[in-house]
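Asks: Before I ask anything, let me first share the structure, which is written out below as structure tokens.
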Amino acid sequence: QVQLVESVGGLVQAGGSLRLSCAASGSIFRINAMAWYRQAPGKQRELVAVITSGGSTNYADSVKGRFTVSRDNAKNTVYLEMNSLKPEDTAVYYCKSNTAVTRVSVARDYWGQGTQVTVSS
């Protein structure tokens, strides 16, 4: 199977920056898109950013211009650089990878355990 391990989030003041990472390991044949989601208390999980295996990216409108997603395919790792953080960015952040474990298997989504990011005003 596939495991996703996220870096520890943290507490940061508004206007500050934080970088998250998420490393995939296990039985990996191919990783397609990797993504970051977040879930704030009382809200549904929402997509923050996604990056394809070729490096194309897409962002939620709320984070455009502030967050940057990147990946290192050699390390099976995805990153989320978060700048100009706002209190409304406070949430548990989850990474997701769409991964095939063999050449013939259908790719499926795997999730990290989540990491708390808290932005104080």
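The values are calculated or read from the model by the stated rules, or taken from the named source; none is laboratory data. For clarity, every value in this text was computed on a predicted model and none was experimentally measured. Virtual Cβ from ideal backbone geometry, glycine too; neighbours counted across all protein chains shown. What goes into the accessible areas is simple: the full protein's heavy atoms, side chains included, and nothing from ligands, DNA or RNA. Shrake-Rupley method; radii C 1.70, N 1.55, O 1.52, S 1.80 Å.
Asks: Considering LEU11, LEU4, LEU47, LEU18, which residue is closer than 16 Å to THR115 by Cβ, out of contact with any helix residue (DSSP H, G or I) (no Cβ under 6 Å at 6 or more places or on another chain), of a type outside the set (S, T, N, Q) and surrounded by fewer than 18 Cβ atoms within 10 Å (Cβ to Cβ)?
Replies: Exactly one of LEU11, LEU4, LEU47, LEU18 is closer than 16 Å to THR115 by Cβ, out of contact with any helix residue (DSSP H, G or I) (no Cβ under 6 Å at 6 or more places or on another chain), of a type outside the set (S, T, N, Q) and surrounded by fewer than 18 Cβ atoms within 10 Å (Cβ to Cβ), namely LEU11.
Asks: Pairs under 7 Å by beta carbon, first residue without any contact (Cβ under 8 Å) to a residue 24 or more places away in the chain in segment 16-40, partner of a type outside the set (Ser, Thr, Tyr) and surrounded by fewer than 14 Cβ atoms within 10 Å (Cβ to Cβ), six or more apart or different chains?
Replies: none
Asks: Which one is least open to solvent (accessible area, probe 1.4 Å) among residues in segment 63-121 that are of a type in the set (D, E, K, R) and outside any strand (DSSP E or B)?
Replies: Within segment 63-121, the match that is least open to solvent (accessible area, probe 1.4 Å) is ASP89.
Asks: Report yes if some residue within segment 50-58 is touching a strand residue (DSSP E or B) at 6+ places or on another chain (Cβ under 9 Å), touching a residue at least 24 places away in the same chain (Cβ under 8 Å), under 19 Å from LEU4 (Cβ atoms) and open to solvent by 60 Å² or more (accessible area, probe 1.4 Å); otherwise report no.
Replies: So far as segment 50-58 goes, no, none of its residues is touching a strand residue (DSSP E or B) at 6+ places or on another chain (Cβ under 9 Å), touching a residue at least 24 places away in the same chain (Cβ under 8 Å), under 19 Å from LEU4 (Cβ atoms) and open to solvent by 60 Å² or more (accessible area, probe 1.4 Å).
Asks: Another one. Can you find, within segment 21-31, the residue that is surrounded by the most Cβ atoms within 10 Å (Cβ to Cβ) among those that are over 13 Å from the mean Cα position of the chain (by Cα) and closer than 17 Å to TYR94 by Cβ?
Replies: Top of the filtered list is ILE31.
Asks: Could you list, in sequence order, the residues of segment 26-54 that are hydroxyl-bearing (Ser, Thr, Tyr) and more than 12 Å from VAL78 (Cα to Cα)?
Replies: SER27, TYR37
Asks: Also, quick follow-up: If a residue must be among the charged types (D, E, K, R) and surrounded by 14 or more Cβ atoms within 10 Å (Cβ to Cβ), how many such residues does segment 32-44 contain?
Replies: Residues meeting the conditions: 1.
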